[in-house]
1. In the set I256, I273, which member is closer than 29 Å to E151 by Cα, more than 20 Å from the chain's Cα centre (by Cα) and among the β-branched types (V, I, T)?
2. Could you please let me know if S144 is closer than 24 Å to S274 by Cβ and either among the small types (G, A, S) or without any contact (Cβ under 8 Å) to a residue 40 or more places away in the chain (or both)?
3. Counting only residues that are assigned to a helix (DSSP H, G or I) and in contact with a helix residue (DSSP H, G or I) (Cβ under 7 Å, 6 or more places away or on another chain), which one in segment 204-216 is surrounded by the fewest Cβ atoms within 10 Å (Cβ to Cβ)?
4. Looking at segment 91-104 only, could you name the residues that are within 16 Å of A223 (Cβ to Cβ) and buried (at least 17 other Cβ atoms within 10 Å of the Cβ)?
5. Scan A86, A37 and give me the residue that is at pLDDT 80 or above, within 30 Å of I281 (Cα to Cα) and in contact with a Leu (Cβ under 8 Å, 6 or more places away or on another chain).
6. Hey, could you check segment 54-80 for residues that are in contact with a Pro (Cβ under 8 Å, 6 or more places away or on another chain), open to solvent by less than 60 Å² (accessible area, probe 1.4 Å) and among the polar types (S, T, N, Q) and say which is farthest from M240 (Cα to Cα)?
7. Can you tell me which of (1) of a type in the set (F, W, Y); (2) modelled with pLDDT of 90 or more; (3) more than 27 Å from the chain's Cα centre (by Cα) is the one W128 doesn't meet?
Amino acid sequence: MTTTDMPRPLDADAKQPVSRKRPRNPATGGLRRAVPATTLLWILACLYGLPVLWFILSSLKPSSDLFSYPLTLVPHNPTLSGFKAAWDSANFSQYFINTAIVCVITTILTVGVSCCTGYALAKYDNKWLKAFFICILATTMLPSEVMLAPEFLVVRNLGLYNSFAGIILPAVLTATGCFMFRQFFLTVPDELVEAARIDGARELAIFARIMVPLSRPIMLTLAILSFQWRWNDYIWPLLMLNDPNKFTVQIGIQSIVGAQNINWSVLLGASVISMIPLIAIFLVFQRYVMGADINAGLKD
């Protein structure tokens with residue numbers, strides 16, 4: 001028998017049965033998983049957006065059509081009379097200026113203080129700092145109404161009653177802001193801080209040149225939230241201010257409401273006017289609220 005007549009061994013791949021299943025397309029599987037989640041998000045968006053849409057469209061209705069039966073979503077005779085009456089009946093220009101001053105100053109101080117506090121709580125290992133962080137979080141367990149009386153007494157004794165400073169200072173330190181920055185700085189690798197210390201950077205330079213730029217998304221997020229909180233704040237400015245020239249927007253809207261009756265067309269128009277700055281700020285800064293690359297500058 002020659003060498004050409006010898007039986008050849010079968011290849012290992014030939015012994016394995018050939019699978020007749022088609023390979024699964026990863027794009028198709030991802031699309032199937034995304035469809036239910038996207039559908040659920042659209043349903044929730046519609047549930048939350050419908051009352052807001054009804055509210056905005058109702059502000060375009062005349063007073064006679066607001067409570068007509070059957071109720072309609074789209075106004076038959078849209079009018080801007082409610083907006084004009086609201087603007088003429090209240091000093092909205094002064095209210096906007098007062099509220100803008102309070103919101104801008106409070107937002108800047110809140111972001112700065114929360115950033116410093118969150119960095120210290122995240123990057124310094126000290127038992128007293130941990131106890132201080134627990135005390136900060138404990139303030140979220142108390143209703144705001146419980147803290148109004150002692151805060152009012154403190155501000156009055158400091159001579160800040162009926163002033164913008166009396167509204168701003170109690171709102172600077174927030175547990176939410178400290179918690180947001182602390183949780184973010186905990187995700188920043190310690191190797192980044194150690195590398196800066198090895199290069200001779202001081203603690204203040206590490207915080208200002210490394211940590212602050214990395215935390216820009218958190219700063220913008222907290223800035224939007226803080227501006228919204230102060231713009232919509234009603235109880236505290238109502239307690240602190242008695243001068244009509246220092247009233248904020250929410251107190252101005254409340255002044256439109258009469259003792260015996262309510263002009264709903266004017267009230268809805270004033271409420272929509274007060275929403276415009278918040279919507280504009282969110283539309284401008286929403287693209288900046290995104291994840292930060294906290295591993296930038298580190299080598300594998």
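1. Unique residue meeting the criteria: I256.
2. Judged against the criteria, S144 is a match.
3. V212
4. Correct list: T99, V102, C103.
5. A86
6. T79
7. (2)
Rundown of residues vs (1) open to solvent by 40 Å² or more (accessible area, probe 1.4 Å); (2) touching a helix residue (DSSP H, G or I) at 6+ places or on another chain (Cβ under 7 Å); (3) among the hydrophobic types (A, V, I, L, M, F, W, C); (4) more than 30 Å from K246 (Cβ to Cβ), yes/no style:
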site	(1), (2), (3), (4)
T117	no, yes, no, no
L121	no, yes, yes, yes
W128	yes, no, yes, yes
F132	yes, no, yes, yes
T139	yes, yes, no, no
V146	yes, no, yes, no
R156	yes, no, no, no
A175	no, yes, yes, no
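The values are calculated or read from the model by the stated rules, or taken from the named source; none is laboratory data. Quick caveat: nothing in here was measured; it's all calculated off a predicted structure. Counting neighbours? That spans all protein chains shown, and the Cβs are built from the backbone with ideal geometry, glycine included. Just the protein is used for accessible areas: all its heavy atoms, side chains included, with ligands, DNA and RNA removed. Shrake-Rupley method; radii C 1.70, N 1.55, O 1.52, S 1.80 Å.
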